[in-house]
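We did not get these values from a lab; they are worked out from the coordinates using the rules stated. Keep in mind that this is a model prediction, so the values were computed, not measured. All Cβ positions, glycine included, derive from the backbone under ideal geometry; neighbour counts span all protein chains shown.
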Amino acid sequence: MYDVFTAAKLRHTAGRPKPAQAAFRVLSEQDFDNACAEIMAWEGYAPTPLVSLSGLAKDLNVARIDYKHEGPRFGLGSFKALGGSYAALRVLQRELSAQLGRTVSLEEIRNGEHREACAGITLVSATDGNHGRSLAWGCQRFGAPCRIYIHAEVSEGRASAMRDLGADVIRIEGDYDASVLLAKSEAEENGWFVVSDTSWEGYTEPPRDVMAGYCVMTREACNTLDKPPTHVFLQGGVGGLAASVAAGLRQFYKDAAPRVVIVEPELAACLFDSAKKGKPTTFEIAEETIMAGLSCGEPSEMAWEILAEESSDFLTIPDSIVAPSVRLLANSETGDIAVEAGESAVAGLAALIAARQDPVLSDALGLDGNARVLLIGSEGVTDPDIFKAIMAGANHV
């Protein structure tokens with residue numbers, strides 16, 4: 001069952017962790033508290049499952065593996081439901097407060113008291129799929145127009161899901177980073193508001209709100225675990241998810257926070273390259289990875305501030321171990337509860353399995369029989385056609 005993982009070639013570089021400051025400065029405990037209070041008040045809120053993979057833990061000779069399954073989140077299929085919608089609400093709050101000359105509460109907007117005014121505030125973003133779906137869902141709920149920019153490799157299934165939520169979807173010929181640039185330029189030309197999950201110079205508030213929204217997932221996991229994990233494997237992308245979870249774990253566990261291991265596709269390794277160079281570094285994407293949500297070439301500068309201090313290790317994984325990881329979970333190959341996960345959800349799982357087949361890498365990561373590993377299953381089946389192909393045996397889609 002593990003032959004493909006044994007054959008996989010992972011790259012590893014050590015991080016330069018420092019005494020935690022950014023985990024409290026960039027994303028404050030108050031930021032997290034505010035986001036949790038709001039999101040937990042939304043209709044349909046329920047904690048997502050923390051699945052114990054005890055059979056896999058036994059196979060890999062680690063003490064335990066806990067998988068935070070975000071597939072059921074608000075019916076949108078991923079953790080992104082927490083970030084984009086909350087950031088949209090905060091953008092509307094700031095703009096409406098400026099228009100009305102008073103502080104407008106999140107509750108007022110949530111309850112529909114400003115739908116007419118919201119109809120004149122257009123929100124835009126670039127996405128690989130899940131962030132855009134979350135933004136479209138939020139805009140539909142709050143009454144704001146929504147424009148979503150997607151790149152050539154985003155599946156039509158994911159595009160249709162955003163259209164079904166009322167978004168105007170604009171597909172471009174380039175990659176994710178090109179879609180980000182187009183969203184920014186057209187927003188500037190038309191007076192629209194960008195709600196991005198990545199930050200750049202002079203643009204920080206919405207990405208901070210996005211990351212703050214993700215804290216709900218981390219708080220739920222921490223409140224469920226009976227003791228701190230020793231390791232957390234976090235998928236990369238632009239770094240927003242990883243930075244939010246790392247900061248949340250640091251704030252919750254303080255000095256007992258787990259070792260942070262960042263996992264990226266070898267085809268989109270901007271955080272890995274940033275770690276090697278010691279500064280945010282753009283990765284030139286030449287080929288798209290199967291992990292569509294992680295196909296990002298430019299790191300979020302705000303997220304990097306946290307990851308530079310919190311991350312002990314950076315790994316890249318080949319696409320060859322992604323589909324087998326999806327099937328392992330869905331088919332209960334280790335005797336654990338079946339979990340239907342998307343391609344980007346299993347990056348940490350795939351890296352953990354492969355690392356445990358390599359004694360040298362296991363030792364470098366501090367993995368042994370006492371390890372308690374937390375994994376973030378960031379998405380469920382967000383594209384049924386791709387999931388069906390993987391379950392039928394496809395390793396590339």
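Would you please state the base-10 log of I(q)/I(0) at q = 0.11, 0.14 1/Å for the range 269-366, with intensities from the Debye formula using one equal scatterer on every alpha carbon? Summing over Cα pairs of the range 269-366 leads to -0.39, -0.63. Here's how it looks for Arg259: its modeled amide H is under 5 Å from those of His231, Val232, which are all 5 or more places away or on a different chain.
All distinct Cα pairs of the range 9-165 go into the 1/r average, and the inverse of that average, the Kirkwood radius, is 18.2 Å. Spatially, the range 76-115 and the range 286-331 are offset by 30 Å when compared through their Cα centroids.
Projected onto their three principal axes, the Cα atoms of the range 217-323 cover extents of 43, 32, 18 Å, largest first.
Restricting the calculation to Cα atoms, every distinct pair contributes to the Kirkwood radius of the chain, found to be 20.8 Å.
The GluC sites (Glu not before Pro) of the range 263-366 meeting both criteria, a DSSP state outside H, G, I, E and B (loop) and at most 13 other C-beta atoms within 10 angstrom of the site's C-beta, are Glu284, Glu287. When only alpha carbons are used to place a centre, the range 196-242 and the range 1-40 end up 7 Å from one another.
If you model the range 325-397 as an ellipsoid using its alpha carbon gyration tensor, with each semi-axis the square root of five times an eigenvalue, the axes come out at 25, 12, 11 Å, biggest first.
How big is the C-alpha Rg of the range 123-219 next to the rule-of-thumb value 2.2 N^0.38 Å, as a ratio?
Working: Rg = 12.8 Å, N = 97, 2.2 N^0.38 = 12.5 Å.
Dividing the Cα radius of gyration by 2.2 N^0.38 Å gives 1.02.
Each principal axis of the Cα cloud of the range 1-89 was evaluated for its coordinate range; sorted largest first, these ranges are 47, 36, 23 Å. Charged side chains reduced to their Cβ positions (Lys and Arg at +1, Asp and Glu at -1) give the range 323-373 a dipole of some 40 debye around its Cα centre.
Take each of the peptides 247-256, 315-324, average the number of other beta-carbon atoms within 10 Å over its residues, and list them starting from the highest. It would help to have the intermediate numbers written out before the result.
Numbers: 247-256: 19.0, 315-324: 23.4.
Sorting 247-256, 315-324 by mean packing, highest first, produces 315-324, 247-256.
Near the amide H of Ala371, within less than 5 Å, lie the amide hydrogens of Ala63, all on another chain or at least 5 residues away, with H placed in the peptide plane. Backbone amide hydrogens, once placed in the peptide plane, bring Arg171 within less than 5 Å of Ile150, excluding anything fewer than 5 places away on its chain.
By the beta carbon rule, with partners counted only under 4.7 Å, the chain holds these lone Cys residues: Cys36, Cys118, Cys215, Cys222, Cys270, Cys296. About its Cα centre, the dipole of the range 269-352 is roughly 160 debye, where the only charges are +1 on Lys and Arg Cβ and -1 on Asp and Glu Cβ. Over all distinct Cα-Cα pairs of the range 190-245, the Kirkwood formula returns a hydrodynamic radius of 12.9 Å.
Which order, highest average first, do 346-355, 374-383, 162-171 follow once you tally other Cβ atoms within 10 Å for each residue and take the mean per peptide? Present the calculation step by step, with values, prior to reporting the outcome.
On the way: 346-355: 28.8, 374-383: 26.3, 162-171: 17.3.
Put in order of decreasing packing, that is 346-355, 374-383, 162-171.
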